[in-house]
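Scroll down for the structure; my scribbles are underneath it.
The values are calculated or read from the model by the stated rules, or taken from the named source; none is laboratory data. This structure is a prediction, so every number in the text was calculated from the model and none was measured. Reconstructed Cβ throughout: ideal geometry from the backbone, glycine too, with neighbour counts over all protein chains shown. All accessible areas refer to the heavy atoms of the entire protein, side chains included, with ligands and DNA or RNA removed. Shrake-Rupley method; radii C 1.70, N 1.55, O 1.52, S 1.80 Å.
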Amino acid sequence: MSNLVEMRGVVKGYGQNKVIFNGLNLDIPAGKIIGLLGPNGSGKTTMIKLLTGLLSKEAGEIRINGHEIGPESKAEVAYLSERIYFNEYMKVKQVIKMFQDFYQDFDEVRAYEMLKNLNIDPNSTIKKLSKGNKEKVQLIMVMSRHAKLYLLDEPIAGVDPAARDYILHTILTNYDENATILISTHLITDIEGILDEVIFIRQGQIILQGNADAIRQDKNASIDEIFREVFRTW
């Protein structure tokens, strides 16, 4: 299966004294659900923002579906931020209309169906929703797109455990089989059952990447247990 994302010699820093990536090379295949796992400050969010185009690299090459970062790549990427960015005075249905106007691949029917399943009133304003429901609405907007690459930064961090299974089911059932989902999270136990592959990252370096089942079998441990062992002294 071909690679959806290719990163070659990527350099990214914040000022002279803080280099995050110094020649990063990474291939991400198409048609996979991949966990991007590492401690705070390891480079997970920076990588995601480079792929979205929200941050610019200093050197190297990044391609998504053959396109350099720009309008063509951004049209194929759906991004779930770790922060809620909606105008709180908009109604949920107005947010849907905004996404429909902005993204050609947005599926309005899918969005309303997910809202119904999560008992979220489309006539409610964002301000009146709980923090968990705000995050669910944000996830619904992202997963209602027919994107090639879904970048999810902590998609289940703010929701109650009872809703996590449904959200993971929503992620699993609302993307095309040729698309890839890259999930950055600390809640490894909750998501490892849906992962095809994992990427362990530390100080901007990829220290482990591969098929989740093969890694579990090789180490005779869960992904969460392997993560704790690898980063125990971090």
Residue list for region 134-157, restricted to those being of a type in the set (Lys, Arg) and under 17 Å from Ile84 (Cβ atoms): Lys134, Lys136
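Tell me, which residue of region 216-233 that is exposed (fewer than 12 other Cβ atoms within 10 Å of the Cβ) and over 17 Å from His186 (Cβ atoms) is modelled with the lowest pLDDT?
Going through region 216-233, the residues exposed (fewer than 12 other Cβ atoms within 10 Å of the Cβ) turn out to be 217-218, 220, 229, 232-233.
Still in the running and over 17 Å from His186 (Cβ atoms): 217-218, 220, 233.
Values: Gln217: 94, Asp218: 93, Asn220: 94, Thr233: 58.
Step by step, filter region 216-233, then rank; the result is Thr233.
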Cross-chain or 6+ apart pairs with Cβ under 9 Å, region 114-133 first and within 13 Å of Phe86 (Cβ to Cβ), then in a strand (DSSP E or B): Ser124/Lys91; Thr125/Lys91; Ile126/Lys91
Filter result for the condition that a residue is in a strand (DSSP E or B), at pLDDT 80 or above and out of contact with any Phe, Trp or Tyr (no Cβ under 7 Å at 6 or more places or on another chain), over Leu172, Leu152, Leu208: Leu152
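Leu151 - would you say it is touching a strand residue (DSSP E or B) at 6+ places or on another chain (Cβ under 8 Å) and among the aliphatic types (A, V, I, L, M)?
For Leu151, the condition - touching a strand residue (DSSP E or B) at 6+ places or on another chain (Cβ under 8 Å) and among the aliphatic types (A, V, I, L, M) - is met.
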Pairs with Cβ under 6 Å, 6+ apart, first in region 87-104 and closer than 15 Å to Ser144 by Cβ, second not in a helix (DSSP H, G or I): Val92/Pro122; Val92/Ser124; Lys93/Pro122; Val95/Phe86; Phe99/Phe106; Gln100/Phe106; Tyr103/Arg145
Looking only at region 16-32, and only at residues there that are open to solvent by 60 Å² or more (accessible area, probe 1.4 Å) and in a strand (DSSP E or B), the one that is nearest to Ile171 (Cα to Cα): Asn25
Residue check, Gly13 surrounded by 15 or more Cβ atoms within 10 Å (Cβ to Cβ), touching a strand residue (DSSP E or B) at 6+ places or on another chain (Cβ under 7 Å) and over 25 Å from Phe227 (Cα atoms): yes
In region 75-89, the residues that are over 24 Å from Ile48 (Cα atoms) and either open to solvent by less than 80 Å² (accessible area, probe 1.4 Å) or among the aliphatic types (A, V, I, L, M) (or both): Glu88
Residues that are in contact with a Ser or Thr (Cβ under 8 Å, 6 or more places away or on another chain) and surrounded by fewer than 20 Cβ atoms within 10 Å (Cβ to Cβ), drawn from region 198-215: Arg202, Gln203
Criterion: in contact with a strand residue (DSSP E or B) (Cβ under 6 Å, 6 or more places away or on another chain) and either among the polar types (S, T, N, Q) or free of Cβ contacts under 8 Å to residues at least 24 places away in the same chain (or both) - qualifying residue of Ile194, Ile215, Ile207, Ile181: Ile207
Count - residues of region 175-197 that are buried (at least 17 other Cβ atoms within 10 Å of the Cβ), part of a loop (DSSP other than H, G, I, E, B) and modelled with pLDDT of 90 or more: 2
Criterion (buried (at least 20 other Cβ atoms within 10 Å of the Cβ) and of a type in the set (S, T, N, Q)) met by exactly one of Ser56, Ser42: Ser42
Candidate set: region 90-131, residues that are among the small types (Gly, Ala, Ser) and surrounded by fewer than 17 Cβ atoms within 10 Å (Cβ to Cβ); chosen: the one nearest to the chain's Cα centre (by Cα): Ser130
